[in-house]
């Protein structure tokens with residue numbers, strides 16, 4: 001197949017794809033792949049300069065990208081984002097929920113209400129708000145794909161990930177099942193992807209970051225991005241309901257430290273702030 005044939009065969013030509021947490025890791029790689037397949041990608045995150053770097057990479061490869069810094073856990077920000085996207089690029093055809101982050105405390109005994117609410121706000125409430133905002137357009141057109149990056153923590157919660165993170169990721173998994181049951185017969189596809197350990201910058205802030213050999217065995221962001229593309233680009237007659245992506249070789253956790261200081265106290269935090277967002 002030649003280059004010209006490849007361009008004509010692009011599976012997302014004319015589509016608008018909105019991606020949260022688009023500045024790094026899975027979000028960045030997803031934006032690059034979806035743009036390569038012809039989608040206009042709307043890059044959403046908290047840091048404008050990071051989003052601009054991804055947009056430059058997309059446009060430098062001949063794709064189309066827009067950026068919109070947004071706090072997705074804020075309902076008014078989300079409403080403004082979706083209205084702006086509709087006016088600028090058209091209604092959202094593909095929504096990729098990728099933004100997320102873990103708290104600083106693994107042991108629930110030391111998890112404060114502010115940390116709990118912040119983690120659930122970013123990982124769960126933001127998914128609800130953004131989904132609610134795009135659904136009317138998708139239902140009116142009778143088509144749309146919503147792909148959510150959950151985590152294996154949804155079904156295998158650990159101290160390393162922390163209580164609120166696992167609870168939030170289980171929540172979005174349940175929410176995607178609700179969407180499938182409610183709207184699949186009206187053309188809206190809802191998919192949940194549950195990755196295992198992924199080599200992203202989030203690991204840099206761990207109390208004991210994985211060594212190079214461990215990172216080499218992890219799932220790569222581009223691996224998850226390829227799964228997102230598959231889910232979003234299949235013919236509308238076909239739906240991938242749920243997809244688990246895990247490293248072939250499991251990380252050795254036999255010497256893994258506890259989630260905090262003595263007795264799990266927050267003195268040995270997993271990350272430097274109450275929420276370590278993926279953007």
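The values are calculated or read from the model by the stated rules, or taken from the named source; none is laboratory data. Keep in mind that what you see is a predicted model, and the values were worked out from it rather than measured. When we count neighbours, we look across all protein chains shown, and the Cβ atoms used for this are built from the backbone with ideal geometry, even at glycine.
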With farther than 30 Å from residue 237 by Cβ and buried (at least 22 other Cβ atoms within 10 Å of the Cβ) as the only criterion, which of 122, 130 stands out?
122
Does region 35-46 contain any residue that is over 28 Å from residue 171 (Cβ atoms), without any contact (Cβ under 8 Å) to a residue 12 or more places away in the chain and surrounded by fewer than 24 Cβ atoms within 10 Å (Cβ to Cβ)?
no
Condition check: surrounded by fewer than 15 Cβ atoms within 10 Å (Cβ to Cβ), at pLDDT below 85, touching a helix residue (DSSP H, G or I) at 6+ places or on another chain (Cβ under 8 Å) and on the phi < 0 side of the Ramachandran plot. Does residue 210 satisfy that?
no
Apart from one, (1) within 25 Å of residue 170 (Cα to Cα); (2) more than 19 Å from the chain's Cα centre (by Cα); (3) modelled with pLDDT of 95 or more all hold for residue 126; the odd one out is (2)
Evaluate region 128-145: report whether one residue or more is within 15 Å of residue 179 (Cβ to Cβ), touching a residue at least 40 places away in the same chain (Cβ under 8 Å) and in a strand (DSSP E or B).
yes
Do you know which of the residues in region 81-105 that are over 23 Å from residue 53 (Cβ atoms) and surrounded by fewer than 22 Cβ atoms within 10 Å (Cβ to Cβ) is farthest from the chain's Cα centre (by Cα)?
87
Taking residue 153 as meeting all but one of (1) in a helix (DSSP H, G or I); (2) modelled with pLDDT under 95; (3) surrounded by fewer than 20 Cβ atoms within 10 Å (Cβ to Cβ), write down the number of the exception.
(3)
Test of understanding: among 161, 166, which residue is assigned to a loop (DSSP other than H, G, I, E, B), within 24 Å of residue 118 (Cβ to Cβ) and touching a helix residue (DSSP H, G or I) at 6+ places or on another chain (Cβ under 7 Å)?
161
Which of the residues spanning region 239-251 are over 12 Å from residue 190 (Cβ atoms) and part of a loop (DSSP other than H, G, I, E, B)?
246, 247, 248, 249, 250, 251
Identify all residues within region 217-238 that are within 18 Å of residue 14 (Cβ to Cβ) and in a loop (DSSP other than H, G, I, E, B); write none if there are none.
234, 235, 236
